[in-house]
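The values are calculated or read from the model by the stated rules, or taken from the named source; none is laboratory data. Given the structure is predicted, the values throughout are model-derived calculations rather than measurements. Note: ideal-geometry Cβ built from the backbone for every residue, glycine included; neighbour counts use all protein chains shown. The protein model used for the area step is the full one, side chains on, heavy atoms only, and it has no ligands, DNA or RNA in it. Shrake-Rupley method; radii C 1.70, N 1.55, O 1.52, S 1.80 Å.
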Amino acid sequence: MPATIIDGKKIAEDIKSETKFEADKLKAERGITPGLAFILVGENPASQSYVKMKGKGCDEMGFYSITEKLPAETSESKILQLINQFNHDPKIHGILVQLPLPKHIDEEIIISAIDYRKDVDGFHPINIGRMVIGSPCLKPCTPAGIQELLIRSGNDPAGKHVVIVGRSNIVGKPIANILLQKQKGANAIVTIAHTGAKDISYYSRQADILIAAMGKPECITGDMIKSGAVVIDVGINRVEDISTKSGYRIVGDVHFESTSKVASAITPVPGGVGPMTIAMVLRNTLLCAQDKIYTSK
Ligand code: GUN
């Protein structure tokens with residue numbers, strides 16, 4: 001039987017509706033409009049498109065948002081100055097510096113300069129540390145979105161063997177930590193495989209839930225997974241395709257056609273994890289504006 005398609009677009013819409021409902025309440029009861037500041041450095045087309053989509057999401061939610069577009073040669077101190085300004089701006093509850101940054105800028109310094117209570121990306125060392133020890137924190141958006149996708153599609157990871165392929169700071173490492181926690185919607189047995197493995201398929205075949213996040217187009221194929229596995233495809237890769245108007249098409253890290261014949265459920269690309277990342281940025285902005293996370297503990 002072909003796999004069920006996990007509809008990330010629909011689940012993201014549900015989360016956005018819940019977020020808008022809470023945001024409207026926050027406005028009515030406390031007069032607070034959630035505000036998000038984007039910092040975009042350089043001309044990376046993918047980054048420009050992501051920031052545009054997140055800004056559009058803010059508009060849909062009735063959030064205030066501002067985008068600072070800076071040239072690629074902007075100095076590190078100029079960006080730090082801007083972050084400091086947003087850190088102290090009461091209209092701004094969230095700050096998002098789109099990555100990657102140009103080579104001359106140290107991403108670690110930039111991320112650490114953001115007030116951790118406004119870190120909607122969940123990349124600040126304080127948020128990462130709290131996530132690892134299972135304390136309330138702002139969680140990184142793509143991993144938090146994957147957890148929501150699993151729960152809301154009826155694939156609770158509790159007791160399941162989750163194999164993650166990829167060890168990035170944005171996806172691989174945080175999703176492993178999130179799903180490992182002894183908490184509701186987690187409690188999984190987690191393996192992280194990566195490019196250092198001689199044979200990725202040795203690990204991927206053991207997965208009840210496979211999360212492909214290595215950034216390699218269509219790398220996971222049907223013969224690399226166990227029958228009935230749940231497959232989450234985090235990849236967004238442009239591959240050349242002369243039959244399309246743009247000259248390229250978007251594919252995931254999973255070869256959809258072969259894998260969907262073996263899996264029990266699978267996320268499509270586009271329309272799987274991508275919309276979830278945006279929904280979680282908006283939800284994190286709301287959480288920052290509600291100021292609940294760091295006052296409860
Ligand atoms: N670049 C790729 N993914 C992300 C993300 O989730 N947040 C930011 N800020 N930059 C990214």
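Below are the figures for this structure:
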| quantity | calculated |
| --- | --- |
| Hey, Ser112 more than 10 Å from the ligand (Cβ to nearest atom), among the polar types (S, T, N, Q), part of a loop (DSSP other than H, G, I, E, B) and out of contact with any Ser or Thr (no Cβ under 6 Å at 6 or more places or on another chain) or not | no |
| Selected residue [within 14 Å of Met280 (Cα to Cα), touching a helix residue (DSSP H, G or I) at 6+ places or on another chain (Cβ under 7 Å), small (Gly, Ala, Ser) and open to solvent by less than 50 Å² (accessible area, probe 1.4 Å)] from Gly57, Gly62 | Gly57 |
| Residue list for the stretch 42-79, restricted to those being in contact (Cβ under 8 Å) with a residue 24 or more places away in the chain, within 16 Å of the ligand (Cβ to nearest atom), in a helix (DSSP H, G or I) and under 26 Å from Asp291 (Cα atoms) | Tyr50, Val51, Met53, Lys54, Gly57, Cys58, Ile79 |
| Residues being open to solvent by less than 30 Å² (accessible area, probe 1.4 Å), charged (D, E, K, R) and out of contact with any strand residue (DSSP E or B) (no Cβ under 9 Å at 6 or more places or on another chain) - total across the stretch 86-140 | 0 |
| Residue within the stretch 192-213 that is modelled with pLDDT of 95 or more, within 16 Å of the ligand (Cβ to nearest atom), under 20 Å from Phe256 (Cα atoms) and open to solvent by 40 Å² or more (accessible area, probe 1.4 Å) present | no |
| Filter result (part of a helix (DSSP H, G or I), touching a Lys or Arg at 6+ places or on another chain (Cβ under 9 Å) and not basic (Lys, Arg)) within the stretch 1-41 | Ile11, Asp14, Ile15, Glu18, Thr19, Glu22 |
| Filter pass, Val165 being surrounded by 24 or more Cβ atoms within 10 Å (Cβ to Cβ), within 12 Å of the ligand (Cβ to nearest atom) and touching a residue at least 60 places away in the same chain (Cβ under 8 Å) | no |
| Members of the stretch 252-297 that are away from the ligand (no atom under 15 Å from the Cβ), open to solvent by 30 Å² or more (accessible area, probe 1.4 Å) and closer than 22 Å to Phe63 by Cβ | Leu287, Asp291, Lys292, Tyr294, Thr295 |
| Val165 under 27 Å from Ile15 (Cα atoms) and in contact with a Ser or Thr (Cβ under 7 Å, 6 or more places away or on another chain) | yes |
| Residues satisfying the stated conditions in the stretch 91-108, i.e. farther than 30 Å from Thr33 by Cβ and near the ligand (Cβ under 10 Å from one of its atoms) | Pro100 |
| Residues located in the stretch 176-209, provided they are over 15 Å from Ile151 (Cα atoms) and small (Gly, Ala, Ser) | Ala176, Ala193, Gly196, Ala197, Ser201, Ser204, Ala207 |
| Where a residue in the stretch 110-125 is closer than 20 Å to Ser77 by Cα and among the aromatic types (Phe, Trp, Tyr) and its partner, wherever it lies, is open to solvent by less than 40 Å² (accessible area, probe 1.4 Å) and in a helix (DSSP H, G or I), with Cβ under 6 Å and at least six apart | Tyr116/Asn127; Phe123/Ile111 |
| Within the stretch 1-47, considering residues that are polar (S, T, N, Q) and open to solvent by 70 Å² or more (accessible area, probe 1.4 Å), the one nearest to Ser258 (Cα to Cα) | Thr4 |
